[in-house]
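To keep things clear, I will list the structure first and then write my remarks on it.
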Amino acid sequence: MKSSEIRDRFSQFFIKHGHLKVESSSLIPHDDPTLLFANAGMNQFKDYFTGKSHPKDKRAVTVQKCVRAGGKHNDLDNVGFTARHHTFFEMLGNFSFGDYFKKEAIHYAWKLLTEEFKIPKEKLLVTVHESDQEAADIWHNQEGVPRERILYKGDKDNFWEMGEFGPCGPCSEIFYDHGENYSSMPFNKADPLVDEKRFVEIWNLVFMQYEKNPQGTIKLPKPSVDTGAGLERIAAALQGVHWNYDSDLFQSIIKELEKISGQKYSNPKAASSMRVIADHIRSSTMIITDGCLPSNEGRGYVLRRIIRRAIRFGNELGIKENFLSHLVPSVFQELGSEYPQNKANASLAENTLQGEENKFRETLQLGVKTFQEYLQKNQSTKIFDGEVAFKLYDTFGFPLDLTELMAKEKNLEVDVLTFNKKMSEQKLKSKKSSQFKPAADDLKNLHAIKEKLGETKFTGHTELLSKSKVLHIYQSETSCGFIFDTTPFYAESGGQVGDRGTITLKSGKKISIIDTIKPVDGLFLHLTDSPIDSEIKVGDSYELEVDQKLRSLTTKNHSATHLLQAALIKVLGPHVKQSGSLVNEERLRFDFTHPQAVTEDQQRQIEDLVNEAVAKSLPVKTELLKKDEALNRGAMALFGEKYGDVVRVITMGDFSVEFCGGTHVNSTSDIGPFKIFIETSLAQGVRRIEAITNETAWNYLRKRSDWLKNIEQLFSLPGEQSVTKANELVLELKKKEKHIQGLEEKIKVGEVENLFSTSQKVGKYNFFEIESPYEVKEFRFLSDQFANRHKEDLLFLFKKEDERLSFFLRSGLNLSAFDWKKVLELIQGKVVFKGGGKGASFQGTSAGQDQTLLIKLIKEEISKL
């Protein structure tokens, strides 16, 4: 049975039994800071299990894309070397939110496996928690599973929890028996499942009864069911193969790898590397196309680790050219139909992988050489130096687990403690600007308020003034605000800032609203910077008025953002995807995927396209459409976002079609002039453009015009001639500065002979110990003069500034074989210093150290030469 058929049969089975098919959530958990990536089918339903929110349907079925490559659930080290571990996998799941429980969950699972998938019953074993006799009895009495095929397990195996905190409960697992041919040990009657090569878990039924939080464990309001069946494992079982990698989910990738590498998967030496790459290209492609890009922190760093491991294993296969981007089409051969939004971003994955591979290959060989040099110098060691591991990370971009993998292949263990110490020393603690976020208890209360009072009705697309009833007054240690039944205030979302304005009380007094947010989806919280006025009461209605000018300017910038994205795609290509935005009354900021800087010529093309669209007075149309219909029309969805069945679509003539819930102009002509004023890099493969519109743009252009007018008056020349004159003067000034610098160097050259007049004999060399009267930046010049004049001699040039000693070591021109770096390696650990160089020169610093000890140690080593 093909994997696509397994997905479809699983979904249809549960749909027939009253379950709603729910689309997979993004791999990037936008509303759950406790998760790096979506790692289970239940992630998107977490609030349903905890009672914070209530589902519209009490039964659901999903095919969820998952990644386990960091944190508690981390399978990275096992990938490629076991038959069934992966970083990316698909979780088939059925869920009950306070509806059915153990009897039905067990029945559905057994019926699907044995009747729909026709797996022989004798091929299956089940486990239950040691305290869950109820589940064991259901398996035996209801489904006829023999008692000897029901095993009891403890918390480690059969008590499921999502993380340190969150929903949890006892579980019952179903195992598939691959047969005696795959046994790795004699059959163990007491616990056959210790033979992990023969028996593999294919489905886990979690009976969700509890929630763990920092205060302890509490019972959930209603028992629920969360199940997860690994598609890759079921596919292997149904397709009669032992390794998941031998199923149809991986074979198209592996066949492409065979073509690229010229090696055969049937070769055991090549098989493991191919499996690692096949897994890693799936995870990296799906992560990128869900909205995460490689970086040096958080999930972006996990992605970078996965990509670099794949490149390293490609090296093992003899692949010396970039290859990962060529595997992306093979990934979507099997995943494209289930995840069309990911497939639509395939070009982004290809460009990102190409850029990452280019970057890493520049340093890969140098890093491997450093690794090998260490092994040659330390052949008897069993521990790989943590400082060298850190150097591989810091200088050559080797993730620690890649170094650990290389060390493991040489039977070495990395000194991780020293590595972590070096990492801690280097980390820069950045203070992120804090914005309002309710505490956990407040958030739970706000969920309850939403369930009790309903969602806030937003009327701000058609009005800026309304009479609204207060439903709740919110107060915490840091913030206070109001929730109304209806509101014209737009709450911050989609990059657009929240509206500001006023509440007018019955007495005529006005309360300022400084921001509007959605702490819980569908609930608008109007924040104020003043204490709650005793005049305002829950149940009473008051006049809400949005600041019209701020809204108007923000709206124009938001509409301009849509035109900007369309123009970027036209000029730069379809790989451009939005990866962030900020729209307020002053400007718009748009972050997007692109591998290099946007040139000035491209920026002009983009500006021209946007301003042409503005000049055409294109009508801006808002529609509510079914998602599939909107996508068929070519509407752009926000990168990595999950949408409901009905979406709001903004169309601007034939120029732009996007999903969007924000506020917009009626005609593009309302936007006014559009001007880009910043283009910069945000991260590897991500660029940022900042632009202005309308009166802000007019004011900016007026100022620039005034500056040009001042230059014209200064030179008494019109327009372009005045700029030409200014450029001529700048060039002339640079020439004079260069001439002055040359004269200064001639003066120094005359002084140098006196500077290098005293030496002492150290071993067979004349050794000059000189304190520089010049700045540290002149060390290179002074040492060059020394090397030309004293071709057989050695120099220690230094300067002391406060507690810092700066020094420069140099050998004469005829001593090109003299290696200062080797000399310094011999004294490392005896005196503290840092620096760099090779061969004939080395420049460094030593904080808080007197140069006497440093010179003494250097002389001692030179005298031995």
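The values are calculated or read from the model by the stated rules, or taken from the named source; none is laboratory data. Being a predicted model, the structure only gives us computed values, none of them experimental. Neighbour counts are summed over all protein chains in view; Cβ atoms, including those assigned to glycine, are modelled from backbone coordinates with ideal geometry. Just the protein is used for accessible areas: all its heavy atoms, side chains included, with ligands, DNA and RNA removed. Shrake-Rupley method; radii C 1.70, N 1.55, O 1.52, S 1.80 Å.
What net charge is computed for the residues neighbouring Ser863, neighbours being all others with C-beta under 13 Å from the C-beta of Ser863, Lys and Arg scored +1, Asp and Glu -1? Write down the numbers at each step before the final one.
Working: positive: Lys761, Lys764, Lys856, Lys859, Lys864; negative: Glu860, Glu861.
It works out to a net charge of +3.
For the stretch 291-368 and the stretch 171-218, what is the separation of their C-alpha centers, rounded to whole Å?
Centre-to-centre (Cα) distance: 33 Å.
Between Glu134 and Lys746, what length in nm is gained on full extension when 0.36 nm per residue of separation is reduced by their alpha carbon distance?
Difference between extended and current length: 210.9 nm.
Quick one: compute the contact order of the stretch 1-152, relative version, from alpha carbon pairs under 8 angstrom and 6+ residues apart, as a percent.
19 percent
Below 8 Å between Cα atoms, with a sequence gap of 6+, how large is the relative contact order for the chain in percent?
Over the chain, the number comes to 6 percent.
At 4 °C and a viscosity of 1.567 mPa s, what translational diffusion coefficient does Stokes-Einstein give for the stretch 258-361, taking Rh as the Kirkwood radius over Cα pairs? Give it in µm²/s as a whole number.
Diffusion coefficient, whole number: 94 µm²/s.
How would you classify the stretch 608-656 from its alpha-carbon gyration tensor, with a ≥ b ≥ c the square roots of the eigenvalues: rounded for a/c under 1.5, else prolate if a/b is greater than b/c, otherwise oblate?
Because a/c hits 1.5 or more and a/b exceeds b/c, the stretch 608-656 counts as prolate.
How long are the semi-axes of the ellipsoid equivalent to the stretch 745-859, from square roots of 5 times the Cα gyration tensor eigenvalues, in whole Å, largest first?
After diagonalising the Cα gyration tensor, the semi-axes are 21, 17, 12 Å.
Only residues of the stretch 667-711 count here: report those whose backbone N is under 11 Å from the spot 7 Å along Cα→Cβ of Leu729, or say none.
Once the point is set 7 Å along Cα→Cβ of Leu729, 711 turn out to lie under 11 Å by backbone N, inside the stretch 667-711.
What is the local net charge at Ser841, summed over the other residues whose Cβ is closer than 12 Å to its Cβ (Lys, Arg +1; Asp, Glu -1)?
Once all neighbours under 12 Å are counted, the net charge is +2.
Which net charge results for the neighbourhood of Val752, defined as the other residues with beta-carbon distances under 12 angstrom from its beta-carbon, given Lys and Arg at +1 and Asp and Glu at -1?
-2
With a/c under 1.5 counting as rounded, go ahead and sort the stretch 462-605 into rounded, prolate or oblate using the C-alpha gyration tensor (a ≥ b ≥ c being the square roots of the eigenvalues; past the cut-off, prolate if a/b is larger than b/c, else oblate). It would help to have the intermediate numbers written out before the result.
Numbers: a/c = 3.23, a/b = 2.63, b/c = 1.23.
Here the stretch 462-605 falls in the prolate category.
Under 1.5 on a/c is rounded, so check that first for the stretch 323-402, then, if it is not, pick prolate when a/b is larger than b/c and oblate when it is not; a ≥ b ≥ c are the square roots of the alpha carbon gyration tensor eigenvalues.
prolate
Which of the GluC sites (Glu not before Pro) found in the stretch 282-389 are in a DSSP loop and have at most 16 neighbouring Cβ atoms, other than their own, within 10 Å?
Glu297, Glu321
For a label point 7 angstrom out from the Cα of Lys156 toward its Cβ, which stretches of the stretch 176-193 have the backbone nitrogen within less than 17 Å?
Residues 190-193 fall inside that zone.
Separation of the stretch 640-679 and the stretch 773-816 by C-alpha centroid, Å?
With the stretch 640-679 and the stretch 773-816 each reduced to a Cα centre, they are spaced 61 Å.
Enumerate the residues in the stretch 204-230 having an amide nitrogen under 17 Å from the point lying 7 Å beyond the Cα of Glu164 toward its Cβ.
In the stretch 204-230, the label zone of Glu164 (backbone N under 17 Å from the point 7 Å along Cα→Cβ) covers 212-217.
How do Tyr48, Tyr774 stack up against each other in accessible area, from largest to smallest, with a 1.4 angstrom probe?
The ordering from most to least exposed comes out as Tyr48, Tyr774.
Determine the equivalent ellipsoid of the chain by diagonalising the alpha-carbon gyration tensor, then write out the semi-axes as square roots of 5 times the eigenvalues, largest first, rounded to whole Å. Could the numbers behind the result be given before it?
Numbers: eigenvalues 584, 399, 140 Å².
Output for the chain: semi-axes of 54, 45, 26 Å.
How far, in nm, would the chain grow between Leu366 and Glu775 when pulled straight, counting 0.36 nm per residue and subtracting the alpha carbon separation?
143.9 nm
Amide H neighbours of Ile202 under 5 Å, counting only residues 5+ apart in sequence or on other chains, H built in-plane at 1.01 Å?
Those qualifying (amide H under 5 Å, at least 5 residues apart or on another chain) are Ile174, Phe175, Tyr176.
What percent of all Cα-Cα pairs in the stretch 98-172 falls in each 10 Å bin, counting up from 0?
18, 48, 29, 5
Mind listing which GluC sites (Glu not before Pro) in the stretch 777-865 are in a DSSP loop and have 16 or fewer other Cβ atoms within 10 Å?
Glu792, Glu803
Once amide H atoms are placed 1.01 Å from N in the peptide plane, what residues at a sequence separation of 5 or more from Lys616, or on another chain, have their amide H within under 5 Å of its amide H?
Here nothing satisfies the definition.
Go through the stretch 230-299 and name the trypsin sites (Lys or Arg not before Pro) that are in a DSSP coil and have 13 or fewer other Cβ atoms within 10 Å of their Cβ.
Working: sites: Arg233, Lys255, Lys259, Lys264, Lys269, Arg275, Arg282, Arg299; in loops: Lys264.
In loop regions of the stretch 230-299 (DSSP not H, G, I, E or B), the sparsely surrounded trypsin sites (Lys or Arg not before Pro) are Lys264.
What Kirkwood hydrodynamic radius, in Å, does the stretch 456-511 give when the mean of 1/r is taken over all pairs of distinct Cα atoms and then inverted?
12.5 Å
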